[in-house]
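Participant: Submitted below is the structure of interest, expressed as structure tokens.
The values are calculated or read from the model by the stated rules, or taken from the named source; none is laboratory data. Note that the structure is predicted; figures quoted are calculated from it, not measured. When we count neighbours, we look across all protein chains shown, and the Cβ atoms used for this are built from the backbone with ideal geometry, even at glycine. Areas reflect the complete protein model, heavy atoms only, side chains present, ligands, DNA and RNA absent. Shrake-Rupley method; radii C 1.70, N 1.55, O 1.52, S 1.80 Å.
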Amino acid sequence: MSSPRRRALLALALALVLPAPPALAAPLTLEGAMAALAAEPGGTASFTEEKAIPQLDIPLPSSGTLSWTPPDRLEKHTTFPEEEILRADGDRLLFAQPGRGIRRELSLDQSPEIRPLVESVRATLAGDLPVLRRYFEIDFRPEGEAGRWRMVLTPLSARLRVAVQGIEITGQGGGLRHVVTRASEGVTRLAITPRP
């Protein structure tokens with residue numbers, strides 16, 4: 001048997017015996033991250049938040065829980081420094097401070113300046129890309145390994161951009177980890193810790 005033919009048979013035999021090299025992971029895309037978020041069944045997480053207001057020397061801290069029930073119920077329940085409930089459920093938005101006897105409800109459909117802020121988190125958790133694109137220009141970037149990603153949302157509405165310049169959301173797979181809102185009245189940093 002000729003040497004080239006022998007080498008070809010040897011290469012074929014090795015290919016059948018040796019495992020194939022691992023396939024390179026495809027780069028994470030915006031659509032892939034949204035699909036991972038949409039696949040999550042909901043849940044509860046702890047949060048800590050700091051609001052940096054230009055007129056104050058130190059940031060204002062708060063903490064509590066976030067809960068998400070697909071397709072459209074999101075609740076932020078602040079327990080420190082005082083109880084406050086902010087709940088978006090369908091078209092309704094509830095704001096309550098039980099200790100002060102305050103309870104207000106409004107329609108998101110009739111609040112064009114508030115709805116995009118709610119949807120920045122709610123539509124992201126739902127993996128609802130069409131809703132996000134309705135209100136924001138999206139700059140998405142994978143961040144290293146393990147499915148980490150960063151997304152910067154810039155309001156499409158010039159009127160909203162006067163109040164909110166941008167919202168930066170970081171996540172991993174189907175979960176959110178940080179939300180940073182840059183607004184005319186300061187910067188709010190929300191850190192999210194999933195609960196088991």
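Participant: When only DSSP loop residues count, what GluC sites (Glu not before Pro) in the range 59-146 have their Cβ near at most 15 other Cβ atoms within 10 Å?
Facilitator: Of the GluC sites (Glu not before Pro), the ones in loops of the range 59-146 whose Cβ has at most 15 other Cβ atoms within 10 Å are Glu82, Glu83, Glu113, Glu143, Glu145.
Participant: If I stretch the segment between Arg100 and Ala183 completely, what's the gain in nm (0.36 nm per residue apart, minus their alpha carbon distance), one decimal?
Facilitator: 27.2 nm
Participant: How much of Asp109 can a 1.4 Å solvent probe reach, expressed as accessible area in Å² and rounded to 10?
Facilitator: The value for Asp109 is about 110 Å².
Participant: Okay, moving on. Nearest 0.05, what FRET efficiency do Ser46 and Arg159 give at R0 = 35 Å with Cβ-Cβ as r?
Facilitator: That pair, Ser46 with Arg159, gives E of 0.55.
Participant: Counting only Cα, what are the radius of gyration and maximum Cα-Cα distance Dmax of the range 89-196, in Å?
Facilitator: 14.9, 47
Participant: Still on this structure, I have one more. At 7 Å along the Cα-to-beta-carbon direction for both Arg87 and Thr65, put a label point, then send me their distance in nm to one decimal.
Facilitator: My value for the distance between the label points is 1.3 nm.
Participant: How big is the shadow of the Cα convex hull of the range 28-92, averaged over all directions, in nm²?
Facilitator: Mean projected area of the Cα convex hull: 6.5 nm².
Participant: Principal axis lengths of the chain from Cα atoms, whole Å, largest first?
Facilitator: 93, 38, 37
Participant: Moving to a separate point now. What order do Ser62, Ser157 take when sorted by accessible area (1.4 Å probe), most exposed first?
Facilitator: Of Ser62, Ser157, the descending order of accessible area is Ser157, Ser62.
Participant: Further question: What per residue convex hull volume, in Å³, comes out for the range 43-142 when only alpha-carbon positions are used?
Facilitator: 149 Å³
Participant: Given the alpha-carbon gyration tensor of the range 82-136, what are the semi-axes of its equivalent ellipsoid in whole angstrom, ordered largest first, with each equal to the square root of 5 times an eigenvalue?
Facilitator: 24, 12, 8
Participant: Related question: Per the helix-only calculation at 222 nm, which mean residue ellipticity applies to the chain, given -39500 (n - 2.57) for every DSSP H run of n ≥ 4 and division by its residues, nearest 500 deg cm²/dmol?
Facilitator: -7500 deg cm²/dmol
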